[in-house]
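Worksheet: one structure, shown below.
The values are calculated or read from the model by the stated rules, or taken from the named source; none is laboratory data. The structure displayed is predicted, hence computed values, not measured ones. In this analysis, Cβ positions are derived from the backbone assuming ideal geometry, glycine residues included, and neighbour counts consider all displayed protein chains. All accessible areas refer to the heavy atoms of the entire protein, side chains included, with ligands and DNA or RNA removed. Shrake-Rupley method; radii C 1.70, N 1.55, O 1.52, S 1.80 Å.
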Amino acid sequence: MNQRERKKFNKLLVQEYNRLSKGVKQLEEDTLYQPATDNVSDVSSYAEVGTDSFERETAINIASTESRQLLDVSDALQRVEDGTYGACEGCEKDIPKKRLEVFPAARYCIECQSKLERDGVL
């Protein structure tokens, strides 16, 4: 991968990192730090508590997924810095540029990723 391509992917990764960081922060502010509805005085309030709990659980799941993606992007930025970005961690061949354009934090080529998902090991 040449210097120009590395800069292009670094820019994509930084944009993705910023987007994910903002999303996680927004979820935390909007949902995770809001007080839960605990005062249930009538039957109709039970539905509200259930809905609040479901929304809070959904937000936690989304934040968890985005946090994992944030770590993946951070790792990819480190690989750019180290000069190892774009090399498959399974077979060490170059990851196709089209794959990196779609999924800039990719660690594996399609073959190794498929094997990993299918067998659980490389």
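With both labels modelled 7 Å from their Cα along Cα-to-Cβ, the GLU117 to SER74 distance reads 2.5 nm. The H on the amide N of ALA87, modeled in the peptide plane, is under 5 Å from the matching H of ILE95, each at least 5 residues off or on a different chain. In sequence order, the stretch 106-122 has phi-based couplings of 4, 9, 10, 5, 4, 4, 5, 4, 4, 4, 4, 5, 6, 9, x, 9, 9 Hz under the Karplus curve 6.51 cos²θ - 1.76 cosθ + 1.60, θ = phi - 60°, and Gly or Pro positions carry x. The orientation-averaged projected area of the convex hull spanned by the Cα atoms of the stretch 54-114 comes to 4.9 nm².
Of LYS8/LYS98; LYS22/LYS97; LYS7/LYS98, which ones are farther than 24 Å apart at the Cα? Those over the limit are LYS22/LYS97. Accessible surface for ARG99 stands near 50 Å², nearest 10, in the context of the full protein assembly shown (1.4 Å probe). Accessible surface ranking for ILE95, ILE60, 1.4 angstrom probe, highest first: ILE60, ILE95.
For the residues VAL14, VAL102, a 1.4 Å probe over the protein chains yields an accessible-area ranking, largest first, of VAL102, VAL14. Within a straight-line Cα-Cα reach of under 22 Å, LYS25 can be paired with the following lysines, leaving aside sequence neighbours fewer than 8 residues apart in one chain: LYS11.
Residues PHE103, PHE9, PHE54, sorted by accessible area with the largest first, give PHE54, PHE103, PHE9 [1.4 Å probe; ligands and nucleic acids excluded].
Other residues whose C-beta falls under 14 angstrom from the C-beta of GLU89 contribute a net charge of -1, scoring Lys and Arg +1 and Asp and Glu -1.
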